[in-house]
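The values are calculated or read from the model by the stated rules, or taken from the named source; none is laboratory data. Note that this is a predicted model, so its numbers are computed, not measured. Neighbour counts are summed over all protein chains in view; Cβ atoms, including those assigned to glycine, are modelled from backbone coordinates with ideal geometry. The accessibility values were calculated without ligands, DNA or RNA, using every heavy atom of the protein model including side chains. Shrake-Rupley method; radii C 1.70, N 1.55, O 1.52, S 1.80 Å.
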Amino acid sequence: MTDTRIRLLKDEDWDDVAALEALAYAAGGLSEGREALRSRHRASPSTCFVLEHAGAFGGYLLALPYPLFHCPDLSLAERGIGREGHRGGNLHLHDLALAECLRGRGLARRMTRHLEETGWAARYRSLSLVAVQGSRTLWSRLGYRIRPEVALPASYGADAVYMTKSLTPTADAPRGSARATS
């Protein structure tokens, strides 16, 4: 898809991000709202991306440094736990949402691959996320492992699971890219 690109999230994207986030999560009680989302972006602007398709907003990915086996509480804005200057630890994929018309085209995989490459280049050792709304199967196919020992904030709901993926370069990975393993 030559008319699709991933770029850093900008201030002018927030109306689209907030609208898509509400559409994706409000019905399930998981919507955080604009200010909580913006706080996650402020913690690490270099790991938050927008997907553009045919010149229009098509989705977003928010990630931030976060201690392994911990995650943001959806009901709270960030208060300094994740800092972009923190390198070598864990990068938490907090949220990924695509416009409905773009789903099923491999774009979520493309965005996560972009995050993996970004994380690897910045020397993160692992990625984490919280799978919600029955998405654990998708994340498992992308190499994430369920970590049942991790207790989650109640804001994620009863069916959410914490998952991790190791970022390690391999000898056969092309220069400047990452191979993630679990």
Worksheet item: Among the candidates Ala24, Ala18, which residue alone is open to solvent by less than 60 Å² (accessible area, probe 1.4 Å), over 22 Å from Arg123 (Cα atoms) and without any contact (Cβ under 8 Å) to a residue 40 or more places away in the chain?
Response: Ala18
Worksheet item: Which residue pairs have Cβ atoms under 6 Å apart, sit 6 or more places apart or on different chains, and have a first residue in the stretch 101-125 that is in a helix (DSSP H, G or I) and a second that is among the polar types (S, T, N, Q) and modelled with pLDDT under 95?
Response: Glu117/Ser177
Fill in: Residue list for the stretch 27-52, restricted to those being open to solvent by 30 Å² or more (accessible area, probe 1.4 Å) and aliphatic (A, V, I, L, M)
Ala27
Item to complete: Search the stretch 2-15 for residues being acidic (Asp, Glu) and modelled with pLDDT of 95 or more, and hand back the single one that is least open to solvent (accessible area, probe 1.4 Å).
Response: Asp13
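Does Pro45 satisfy the condition of being closer than 25 Å to Ala22 by Cα and under 16 Å from the mean Cα position of the chain (by Cα)?
Values: closer than 25 Å to Ala22 by Cα: yes; under 16 Å from the mean Cα position of the chain (by Cα): yes.
Yes: the conditions hold for Pro45.
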